[in-house]
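The numbers here are math on the coordinates, done by the rules we state, and not lab data. Since this is a predicted model, take the numbers as computed values, not measurements. Here Cβ is always computed from backbone atoms with ideal geometry, including for glycine, and neighbour counts include all displayed protein chains.
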Amino acid sequence: MFLNTEKVIFAGTMQKILVANRGEIAMRVMRTAREMGIKTVAVFSEADRNMPFVRYADEAYCIGPAPSAQSYLRAEKILQVAKQTGADAIHPGYGFLSENASFSKACADAGLIFIGPSEYSINMMGSKIAAKQAAKKFNVPMVPGTEDPIQSVEEAKEIAARIGFPILIKASAGGGGKGMRIVENMEALEEQMRTAKSEAMSAFGDDAVFIEKYVAAPRHVEIQLLGDQHGNYVYLFERECSIQRRHQKLIEEAPSSCLTPDIRKAMGESAVAVAKSCNYYGAGTVEFLVDENLNFYFLEMNTRLQVEHCVTEMITGVDLVKEQIKIARGEKLSFTQDDLKMNGHALELRVCAEDPLNQFLPDTGKLEMYKPPKGPGVRVDDGFEEGMEIPIFYDSMISKLVVHAGDREQAIERLCRAIDEYYIKGIHTTLQFGKWAVRTEAFRSGNFDTKFIEKYFKPEYLSQHDTEAEEVAALLSSIIWEEERQRHKGERLTAATQNSGWKLRRR
Ligand code: MV4
């Protein structure tokens with residue numbers, strides 16, 4: 001189906017990288033490039049002119065209006081800037097062009113290094129059916145179902161009868177939760193099948209679907225891996241990503257609280273097998289479902305650096321962007337599986353401009369105040385500054401708050417401390433949600449799954465914040481009233497009203 005015609009690249013040195021992305025991930029990539037003595041080129045949309053990543057780059061070029069389709073998704077324009085500036089490589093970050101097989105090829109055709117996998121690997125893993133067929137040859141465990149496209153309703157009924165309801169119909173061109181339909185019984189199957197196919201056709205231009213047994217309330221655990229262009233692979237353990245909403249992850253951690261060393265090793269080796277099945281090189285992530293008996297099943301592979309890569313960096317000490325660059329330059333991995341050890345525990349909270357009190361709907365506005373937390377074990381990957389507007393054109397993530405500590409409990413306490421230090425005014429964020437989540441019994445015990453938010457979260461749990469604000473408002477008005485009263489009486493202000501301290505509390 002896909003032809004692997006690609007030649008292995010041995011580039012030798014790399015002098016200049018164009019970062020085809022924005023915000024925190026553009027900053028993240030450029031920081032490592034700078035540490036490696038590599039120059040950077042930023043490309044930006046008209047909405048992003050004043051963003052820190054534009055200033056941080058050695059050179060920066062506007063590539064079009066705010067909408068991504070007219071800026072960050074314009075492959076030819078980005079290639080043109082790369083050519084003009086003499087860049088020898090392009091880092092796509094995540095989203096935008098990062099998993100676009102044609103863009104990987106277009107870079108190669110233009111004599112540029114795409115810092116990511118080949119066109120072939122992206123195509124193969126982009127088709128969920130091709131990915132399952134490839135993985136099956138390597139005995140990677142999969143949910144009962146099919147590795148071939150379903151041709152007819154009759155065939156679907158036969159499969160459903162064999163594996164039992166509920167089943168999931170998934171689009172081959174889908175992924176990340178897009179194009180899935182749960183079917184509860186035989187009666188609903190025909191209708192759901194038709195809808196699934198027509199949705200897949202309009203969303204992806206490909207109506208191929210396959211069927212899997214529906215695993216209710218699984219955990220989502222993913223394995224980070226690296227592969228070089230010489231056939232060497234390592235896995236960098238797992239990330240637990242079960243705390244998500246609408247397929248948007250909110251909290252990630254490494255390691256997972258549910259795996260045993262044996263299962264971790266088995267999953268790591270399965271992930272490497274998936275990578276080998278498509279001749280993968282670069283950084284990649286293999287997603288698994290884990291059921292309550294710790295059976296694990298291959299779901300899909302993400303052929304990019306992921307948002308949550310930081311927790312892996314914290315526990316392994318590996319700079320994943322640096323490794324991506326070295327692999328793209330044609331170098332061999334400089335460490336083996338045995339060299340890798342997990343150290344401590346890391347948690348990441350995605351700080352999004354969303355309102356947890358209003359169904360996590362995106363909140364727009366100005367970052368009137370923005371003070372990130374600091375101190376031991378705290379890493380904040382952000383891309384905005386105080387005073388900036390959060391543009392409505394892109395995703396709602398403002399920053400990632402990452403903490404690292406000796407063990408999981410200390411990491412939880414550290415995250416709560418960092419959330420308390422984090423001061424954002426002007427927009428609603430997921431900060432207080434994060435504090436609530438990691439303090440729940442379910443999270444602390446490690447006994448939770450992908451249904452965590454719908455099972456446990458009620459907006460009322462966060463309204464404590466508002467009560468506090470009301471208390472402060474009441475306190476304030478009483479102080480002002482007292483000051484006024486004393487003035488009218490011609491009295492000098494008492495020490496108590498002078499140093500009432502409410503200003504210092506910033507609330
Ligand atoms: C599933 C599943 C249950 N059973 N497959 C969602 C994202 C995409 N990678 C696959 N997904 C799922 N596939 C079977 N056979 C449940 C999900 C799923 C899910 C997976 C991981 C994290 C969150 C999720 C939320 C809803 C559904």
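Summary table
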quantity	calculated
Per DSSP, loop GluC sites (Glu not before Pro) in the range 142-212 with at most 12 further Cβ within 10 Å	Glu184
Neighbourhood net charge (15 Å Cβ-Cβ; Lys/Arg +1, Asp/Glu -1) for Leu226	-3
Potential lengthening between Glu409 and Gln84 on full extension [0.36 nm per residue; Cα-Cα distance subtracted]	111.9 nm
The range 74-175, relative contact order in percent, only Cα pairs under 8 angstrom and at least six apart counted	21 percent
Value of [θ]222 nm, deg cm²/dmol, for the chain, DSSP H segments ≥ 4, -39500 (n - 2.57) each, nearest 500	-10500 deg cm²/dmol
Sorted by Cβ density within 10 Å, fewest first, the residues Ser68, Ser102, Ser334	Ser334, Ser102, Ser68
Out-of-range pairs (alpha-carbon distance over 30 Å; input Lys178/Lys458; Lys425/Lys458; Lys83/Lys249; Lys341/Lys374; Lys136/Lys451; Lys137/Lys157)	Lys83/Lys249
Cut-off 12 Å between beta-carbons: net charge of the residues surrounding Ala203, Lys and Arg +1, Asp and Glu -1	-1
Val43 long-range amide H proximity, modeled H, under 5 Å	Val19, Asn21, Tyr61
Options Tyr370, Ser399, Ser463, ranked by Cα towards positive dipole end of the chain, top entry (Cβ charges)	Tyr370
Degrees between helix 153-163 axis and first principal axis of the chain (Cα, 0 to 90, nearest 10)	70 degrees
The range 1-159: relative contact order as a whole-number percent, Cα under 8 Å and 6+ apart	20 percent
Dipole of the chain, positive direction: furthest Cα of Leu305, Ala156, Ala442, with charges on the beta-carbon	Leu305
In degrees, nearest ten, helix 23-35 long axis to first principal axis of the chain (Cα)	80 degrees
Under 15 Å, Cβ to Cβ, from Gly145 - net charge with Lys/Arg +1 and Asp/Glu -1	+1
Extreme residue, positive dipole direction of the chain, given options Val274, Val183, Ile63 (C-beta unit charges)	Ile63
Estimated vicinal HN-Hα couplings, Hz - the range 402-407 in sequence order (Karplus 6.51, -1.76, 1.60; Gly, Pro = x)	10, 10, 9, 8, x, 8
Leu367 long-range amide H proximity, modeled H, under 5 Å	Gly387, Met388, Glu389, Ile390
Mean shadow area of the chain over all directions, Cα convex hull, nm²	26.9 nm²
Contact order normalised by residue count of the chain, Cα under 8 Å, 6+ apart, percent	13 percent
Rounded to whole Hz, the Karplus (6.51, -1.76, 1.60) HN-Hα couplings of the range 105-116, x for glycine and proline	5, 4, 4, 4, 4, 8, x, 10, 8, 7, 7, x
Amide H contacts under 5 Å for Gly174, placed H, 5+ residues apart	Lys128
Loop GluC sites (Glu not before Pro), the range 15-48, which have at most 15 other Cβ atoms in a 10 Å radius of their Cβ (DSSP)	none
Between helix 261-277 and the chain: long-axis angle, C-alpha atoms, 0 to 90°, nearest 10	60 degrees
In sequence order, calculated HN-Hα J values of the range 82-87 (Karplus, 6.51, -1.76, 1.60; Hz; x Gly/Pro)	4, 4, 4, 8, x, 5
DSSP-assigned coil residues among trypsin sites (Lys or Arg not before Pro) in the range 293-370, each with at most 10 further Cβ atoms within 10 Å	Lys341
